[in-house]
Amino acid sequence: MTSVGIDAVELWTGNLKLDLAETFAPEKGDDPEKYTKGLGLRASSFPDSYEDIVTMGANAAKRLMDRKGLEPDDIGRIDVATESSFDNSKPISTYIAGCLEQVYEGDFHHANKGERKFACIAGTQSIDDAYNWIRAGRNRGRKAIVVATDTALYERGDAGEATQGAGAVALLIDEDPDLVELTMEQGYGSADETDFLKPNQQFPSVDGKRSVQVYLARMREALEDYESVAGDVHLEDFAYAPFHTPFPGMVRKAAALAYRHVTRDTEHEEALAEEIGRQPRRESFDDDAEYEEAVREYMSALKDTDQYREWYDATVDPTLSISRDVGNWYTASVHVARIAALKYAYENDRDVTGESLLVASYGSGAQAEIHGETVQDGWHEEIAELNVDEQVAARYDLSWAEYEEVHDRHNHDMDKELEEFTTPNEEFVFDGWGRMGERK
Ligand code: CAA
């Protein structure tokens, strides 16, 4: 059976930046380390006044098509994943295809276009759709483009404000992929939850603390479900574990949960037993509260052990290096984490060809999904082509007053004249409703 997976990726950050330690923390009267250490974030990306989910997605997709030498006729499917959509009828993929048609010969009339929504997990679901379309043999030799694009903005004053971000990832899904092959097994944890929602509103209504607990609960279920089809997960099976990253501190919690789960009844638990005791077992406690307290104590001790830190530093920390500087990109976030991991391997001369990734996606509302990927021969060349550091370094650093103006503008305050802080450079720009995606 032919292998199917991600052939190439490209990333596009919003062109502005809000520095959390220098600009955000002083304005809030907070210790900067709450953000840099507690949440694990240095800065957030923001869209300039001429950017939105369409332009960022189209810019990422154009880089992808140019780099892979593709024309519209090569693409049979364009799916967009977003939770920042502004159109309840036309999918954002039609707007993005419209942008791309301005710059390529031919058009996408033959391509199936859609929009996927399930909070941040929709990017992974779109990859799944493309994978199934190719595996079913319905692609007629064509490839699929998946674009995950979001402006992850919160109401000013909301606890989530520090975790904002804006950007897009475009992924090419194809047979015999150059980057990673997707494996068949998947695990899910899914439940109807109301901790994070946006019923016809621009900014989410969030119960932040609860959202953290829901993320962890669904992730544990997904891991158990994954093991029920793929067999027990072992620490040494995976080179990296990219998680959905609303902020790196969330991933620290999820990683500890995963570690505890997969090391239970193994030599790793034995090795830790003298130092921090054995993991609490549910059956040894009379009530849930006592058990949960014992688990909390175990986890807190676990995070300080050399054994855990060594695994975390090698397998999880490398996935966070981009997100620390760009914040939450919702649907694109786990795909940014995959890029960060492979970029780390590339920069540290580690050959990960043939090694596995454990990819853990999550969307509020809520659903977690876990699957495995195998790194392919072409990964090195693919990662070498990315210009992530240049894009991140080129962002304009907003003052607080400028940030407030940009934030208002992206809350659809279109009456306000807003200057552009950066100059568009060979990119699609938002030029007013109905004239979207002109190329500058
Ligand atoms: N130095 C070092 N650390 C500090 C500190 C300091 N001076 N001050 C605080 N901290 C630590 C805290 O101890 C805490 O760490 P732990 O959680 O490990 O204990 C961390 O910094 C954050 O501090 P608070 O919990 O006090 O922060 P908060 O309550 O203001 O905000 C939040 C946290 C509620 C998660 C908020 O960021 C939020 O609402 N975010 C949006 C929702 C979200 O991202 N949820 C994640 C799961 S849902 C999801 O993943 C979907 C999605 O993309 C949104």
Highest first, please rank the peptides 73-80, 253-260, 180-187, 331-338 by the mean number of other Cβ atoms sitting within 10 Å of their residues. 331-338, 73-80, 253-260, 180-187
For Asp232 and Leu418, what is the calculated FRET efficiency with R₀ set at 60 Å and r taken between the beta-carbons, to the nearest 0.05? 0.65
Against the longest principal axis of the chain, how steep is helix 333-347, in degrees 0 to 90 to the nearest 10, with axes from Cα atoms? 80
Specify the inter-centroid distance of the stretch 122-177 and the stretch 66-114, based on alpha-carbon positions, in whole Å. 13
List, in order, the whole-Hz ³J(HN,Hα) value for each residue of the stretch 83-95 obtained from phi through the Karplus relation with A = 6.51, B = -1.76, C = 1.60 and θ = phi - 60°; use x for Gly and Pro. 10, 10, 5, 10, 10, 7, 10, 6, x, 4, 4, 5, 5
Only bridges with both residues in the stretch 4-439 count here: give the DSSP antiparallel percent, nearest 5. 75
How high is the relative contact order of the stretch 172-230, in percent, with contacts defined as C-alpha pairs under 8 Å that are six or more residues apart? 45
MRE, 222 nm, helices only [DSSP H, n ≥ 4, -39500 (n - 2.57), over the chain, to nearest 500]: -11000 deg cm²/dmol
Return a whole-number percent for the relative contact order of the chain, with Cα pairs under 8 Å and 6 or more residues apart as the contact set. 26
Report the Stokes-Einstein translational diffusion coefficient (µm² s⁻¹, integer) for the stretch 260-328, Rh taken as the Kirkwood radius over Cα pairs, at 20 °C with viscosity 1.002 mPa s. 156
Restricting to DSSP loop positions (anything but H, G, I, E, B) with no more than 10 other Cβ atoms inside 10 Å of their own Cβ, which GluC sites (Glu not before Pro) remain in the stretch 29-128? Glu105
Of all GluC sites (Glu not before Pro) in the stretch 235-270, the ones in DSSP coil with at most 14 other Cβ atoms within 10 Å are none
Quick check: at a probe of 1.4 Å, how many percent of the accessible area of the chain sits on carbon and sulfur atoms? 42
From the phi angles alone, apply the Karplus equation (6.51, -1.76, 1.60; θ = phi - 60°) to the stretch 188-205 and give each ³J(HN,Hα) in whole Hz, x where the residue is Gly or Pro. 10, x, 9, 7, 6, 10, 10, 7, 8, 8, 9, x, 6, 9, 6, 9, x, 8
Grab the beta carbon distance between Lys90 and Glu290, set R0 = 56 Å, and tell me the FRET efficiency rounded to 0.05. 0.55
Rounded to the nearest 10, the angle in degrees between the Cα long axis of helix 288-303 and the longest principal axis of the Cα atoms of the chain comes to 80
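In square angstrom, what is the accessible area per residue of the chain with a 1.4 angstrom probe?
The answer is 41 Å² per residue.
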How large is ³J(HN,Hα) for each residue in the stretch 368-375, as worked out from phi by the Karplus curve 6.51 cos²θ - 1.76 cosθ + 1.60 (θ = phi - 60°), to whole Hz, x for Gly and Pro? 10, 9, 10, 8, x, 9, 10, 6
In the neighbourhood of Lys303 defined by beta carbon distances under 13 Å, the net charge of the other residues (Lys, Arg +1; Asp, Glu -1) is -2
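Given N residues in the chain, what is Rg(Cα) / (2.2 N^0.38 Å)? Walk me through the numbers before you get to the answer.
Details: Rg = 21.4 Å, N = 440, 2.2 N^0.38 = 22.2 Å.
The reported ratio for this selection is 0.96.
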Charges only on Cβ, +1 for Lys and Arg, -1 for Asp and Glu: so what's the dipole of the chain about the Cα centre, in debye to the nearest 20? 880
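The values are calculated or read from the model by the stated rules, or taken from the named source; none is laboratory data. Here the structure is a predicted model, which is why all the values come from computation and not from measurement. Every residue, glycine as well, gets a Cβ built from its backbone with ideal geometry; the counts of neighbours run over all protein chains shown. SASA here: full protein model, heavy atoms, side chains in, ligands and nucleic acids out. Shrake-Rupley method; radii C 1.70, N 1.55, O 1.52, S 1.80 Å.
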